[in-house]
Every structure is written in C-alpha cells, then in structure tokens.
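What follows draws every value from the coordinates through simple rules; no lab data is involved. This structure is a prediction, so every number in the text was calculated from the model and none was measured.
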Amino acid sequence: MKIILPLVLIWIIILSAQAQIVPDKTAHDFGDLYAQSERFVDFHFKNTGSSTAFILRVEKQANTVYQISSSTLLPDSSVVVRIQVSEKKKGPFSIKVPVYLSDRNEAVQLKLTGNIKEVSPDLSSLTDCPNFSRKPTDGNPTDFMLTVVTIHKNT
C-alpha cells in the first residue's frame, strides 16, 4: 500500500501536466467538394499551461499542404495549423495528418475526410495553401444571391 499511493500520485501529476497544448478539434469532414469548393481548414492549438510550448513538426501527407501561423505557443496563446487537401481525383478520401507537439510523446492525429465530386480543370489552384489573411467559410462559396436585370431592346 505504501508503494501504490505514491505511484498513483505520480501518475496523476504526469497526466495533468501532459495536456498543455489542446486542439480545438481533431477531425474535419469537408463533405462533398466541387471544383470551386474551399479545400482548407484551420485547426487551433491553445497552450493552457504556464510554460512556452512548441509545434515541433507537421508531417506532410500526400495530397496535402499546410501552413502554421507560429511554431511557438506562449502561455495562454493559440496558433493555427491550416491544412489544405489537394486531392486531384474524384471519390472519397480520408487523410490523417500527425502533428508533433513538445508537451507529449505521441503525435496528435488530425483526420480529414470528404468526397471529391468534381475536380477543377485548373489544378494550379490546389498547390498553395491560402495565407492567414483568408478565412475559411462555413457555407458553400457557390451559394449566393444573384439579381438579373433583363432589358428588352424596345424599351
């Protein structure tokens, strides 16, 4: 009993100190993607600890590109990892992107899923991940109001 209690206390301390960087989500479903659909998503990582932490590495996967707003997480601050899917063939996809953080030994797995319904003929738009001045939208970018004014040639 004298040995078990200290081991349990050490285990609780290790578990509470380990989750210093917390992602806002670990999965994103793009749904059906068409030629003009936005194919990027932002994952926010927040440092809830009292010491500086780091994003060590984002493992680039086939058909993905990414940008990081900063690799240093000061206490009580956040960084953004933006990942764009640049899949060039139709059909469903499921991609896991490991993100290595300084506060843990195992990578955080970010899962991206979706279904490519239509591929853009201009594949050059799939090469660069958008910079952080552009925000992902919540809806379909092709859904908008259009007003058409018809002018009769006699009037």
(message) Could you derive backbone 3J(HN,Hα) for region 93-102 from the dihedral phi with the Karplus parameters 6.51, -1.76 and 1.60 (θ = phi - 60°), listing whole Hz in sequence and x where the residue is Gly or Pro?
(response) 9, 8, 10, 10, 10, x, 10, 8, 10, 6
(message) Whole angstrom only: what separates the Cα centroid of region 39-55 from the Cα centroid of region 59-110?
(response) 11
(request) For Leu101, list long-range residues whose amide hydrogen, built 1.01 Å from N in the peptide plane, is under 5 Å from its own amide hydrogen. (result) Leu56, Val108
(request) In vacuum, with every alpha carbon of region 35-116 counted as one equal point scatterer, what does the Debye formula give for log10 I(q)/I(0) at q = 0.14, 0.15, 0.19, 0.27 Å⁻¹? Two decimals, please. (result) -0.50, -0.56, -0.82, -1.37
